[in-house]
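Worksheet for the structure shown next.
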Amino acid sequence: MVFYPKWWKEQVIYQIYPRSFNDSNNDGIGDIPGIIEKLDYLKELGVDIIWLSPIYPSPNDDNGYDISNYRDIHPEFGTMQDFDRLLGGIHNRGMKLIMDLVVNHSSDEHQWFEKSRQSTDNPYRDFYIWKKGQNDGPPNNWQSFFGGSAWQYDEQTAEYYLHLFTTKQPDFNWENPQVRAEIYDLVKFWLDKGIDGFRMDVISLISKRLEFEDTPHKAFGDTVQYVYSNGPRVHEFIHEMYEKVLSHYDIMTIGEGPGISPEVGLKYVGHDRGELNMIFHLDHMFLGFGPGGRFDQEPYGLTELKKIFSDWYEAMGPSGWISIFLDNHDFVRMVSRFGNDQEYRVESAKLLATLVMTMRGTPCIYQGSEIGMTNVNYDSIDDFRDVETLNFHKILTQKGMSQETFLELANKNGRDNVRTPMQWDEQVNGGFCDSTPWIKVNPNFSQINVKKALADKNSIFYFYQKLLEFRKGNDTLIYGHYEDLSEAHDTLFIYKRWSETKCYTILLNFSDLPQDYSLEDDPGKLILSNYMENNGQLAPWEARIYEKS
Ligand code: TEU
Ligand code: CA
């Protein structure tokens, strides 16, 4: 079996959304000293790499994904000295730190944009994408990911600027070599501080189709894939960043890739491409997103989810690589979306963890999934904080959607579900802070929290810990082959992973009902399950791993 051994293929990532992780100074906002307090907890869980969502200065229009200074730390998270202490604390524990690189766009409060908008002949004008309108409207029909036109009219120079996200997130003009040089320089700044790599925000969007023609697609997802993503110079730009900066360090890079399909994935991460190490693709995350996006949901089943895993396994082959995850700060809690967060919350959270840890790819655990945190159920639109949800609330209710209907959609599909404060114990606000948190804590914190998990040897936490120990150094799980043995089954996910020396058969019952199953070959010895007893049928949400040498 040909494979390319790399440390970042063998390790496990833990994503921290700093704003909601741990608040050390009781201002209601998570911060870096708060993360430092919990490093031993993460070490005990057994994760290797910590990915921090952005901690740079930002007006927080999109909670830090709108950066106004790329070379500093947002005061609400702490100081650069705090950051240096965090990096040291992570390295002293034998772990690694990767930062979030958001360079498809900046904040409109970045000095570059403030200069760019001053006049059409300002030296910074072409750092961003400015166009004259047409027929008294925007230059084309492109829509923002967050609703409304992707063009904002600016009185000062009577032109429009492009923003694929909020109006406060103007897109950089990557065609401009000065922009690229400035970005490579800020990447070098952080790598010289000793970080271990980057997760690159929407890197698939940085090269624009310069004709700026109207999108012909009705479904927003098609516009993302065929108009916004995988533009003509995207590989040239990423390769240039690799050549000029990334290749000079022993680091890892993960490209977040809305619109990257299996067909084009290898171009970003082939081992000899000189671009990125791996992709966070979003095919399984966008499952159910209808033509209108997140708040226009369509039903889907387990067979569609399974096909996405098989398609990406085939597409990556021995040369490419992806990360395996089932939630992050942009989607909803995995146990609520793919499991049963009521009667079978513990069993289904452990089943989903088994999937993430036994697939081929670098697993990524989102904060709180290790204790089975669930979606929240706010009873007022005033409890929501996410700009995407609030924008669509305005747009959809103005189009006639009732408040109740939108509230239901937001509670089911909105990003605030994964941004409620981490639940540490049963004290007020789940031990996150003693003051009013920036966003309401999930009221189930008294039943679901780290303290309880650590006191219960059958908790989801200890199951994750066991899976991480089982995966570490296990070449068959890390590099081995994969085959889905249950493609057509709508509630069972049975697959095998094998190498020359070992074969694992993994059985997952994605349902509230006991299920019969059959295997062609003897799967060997049962070595791990989320049930104490295992009999002829798979119990509801039962996961099993068999091993045969
Ligand atoms: O996300 C891009 C992205 O694909 C998601 O935002 C998703 O498309 C969106 O929620 C539509 O439903 C990255 C960051 O992860 C996200 O937090 C930022 O809001 C976004 O880019 C802009 O930086
Ligand atoms: Ca704080």
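The values are calculated or read from the model by the stated rules, or taken from the named source; none is laboratory data. Note that the structure is a prediction, hence the values are computed from the model and not measured. Counting neighbours? That spans all protein chains shown, and the Cβs are built from the backbone with ideal geometry, glycine included. What goes into the accessible areas is simple: the full protein's heavy atoms, side chains included, and nothing from ligands, DNA or RNA. Shrake-Rupley method; radii C 1.70, N 1.55, O 1.52, S 1.80 Å.
What the table shows:
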{"read-out": "Set of the range 481-498 residues, backbone N closer than 20 Å to the point 7 Å along the Cα-Cβ line of ASP516", "value": "485-495"}
{"read-out": "Accessible area in the full protein assembly, largest first, 1.4 Å probe, for CYS433, CYS503", "value": "CYS503, CYS433"}
{"read-out": "Cα point-scatterer Debye curve for the range 410-497, base-10 log of I(q)/I(0) at q = 0.18, 0.22 Å⁻¹", "value": "-0.93, -1.00"}
{"read-out": "The range 216-268-the range 94-164 distance, computed between alpha-carbon centres (Å)", "value": "20"}
{"read-out": "Cα-projected label distance for LYS267 with ASN534, points at 7 Å along beta-carbon direction, nm", "value": "4.3"}
{"read-out": "DSSP-assigned coil residues among GluC sites (Glu not before Pro) in the range 483-549, each with at most 12 further Cβ atoms within 10 Å", "value": "GLU500, GLU520, GLU533"}
{"read-out": "Expected 222 nm ellipticity per residue - DSSP helices of 4 or more, -39500 (n - 2.57), all of the chain, to 500", "value": "-8000 deg cm²/dmol"}
{"read-out": "Listed residue pairs exceeding 29 Å between alpha carbons, taken from LYS9/LYS412; LYS38/LYS466; LYS193/LYS350; LYS307/LYS548; LYS267/LYS496; LYS9/LYS244", "value": "LYS9/LYS412; LYS193/LYS350"}
{"read-out": "Rounded to whole Å, sorted largest first: equivalent-ellipsoid semi-axes of the chain, Cα gyration tensor", "value": "37, 26, 25"}
{"read-out": "Pairs of Cα atoms farther than 26 Å apart, the range 305-459, %", "value": "36"}
{"read-out": "Label-point separation, LYS394 to ASP72 (7 Å along Cα→Cβ), nm", "value": "2.8"}
{"read-out": "Added length on full extension, which subtracts the Cα-Cα distance from 0.36 nm per residue, ASN122 to MET80", "value": "12.0 nm"}
{"read-out": "Rel. contact order, % - alpha carbon contacts under 8 angstrom, at least six apart, the chain", "value": "13"}
{"read-out": "Amide H partners (placed H, <5 Å) of MET359, local residues excluded", "value": "none"}
{"read-out": "Rg in Å to one decimal, and Dmax rounded to a whole Å, for the range 380-419 via C-alpha atoms", "value": "9.2, 28"}
{"read-out": "Per residue accessible area of the chain, 1.4 Å probe, in Å²", "value": "38"}
{"read-out": "Value of D in µm² per second that Stokes-Einstein yields for the range 111-162, Kirkwood Rh from Cα pairs, at 4 °C (1.567 mPa s)", "value": "114"}
{"read-out": "The range 450-546: C-alpha gyration tensor shape, a/c 1.5 cut-off, then a/b vs b/c", "value": "oblate"}
{"read-out": "Taking all pairs of distinct alpha-carbon atoms in the range 7-119, Kirkwood radius in angstrom", "value": "14.9"}
{"read-out": "Relative contact order (percent, whole number), the range 481-548, Cα cutoff 8 Å, 6+ residue spacing", "value": "31"}
{"read-out": "Among 233-240, 95-102, the order from most to least packed when residues are scored by Cβ within 10 Å on average", "value": "95-102, 233-240"}
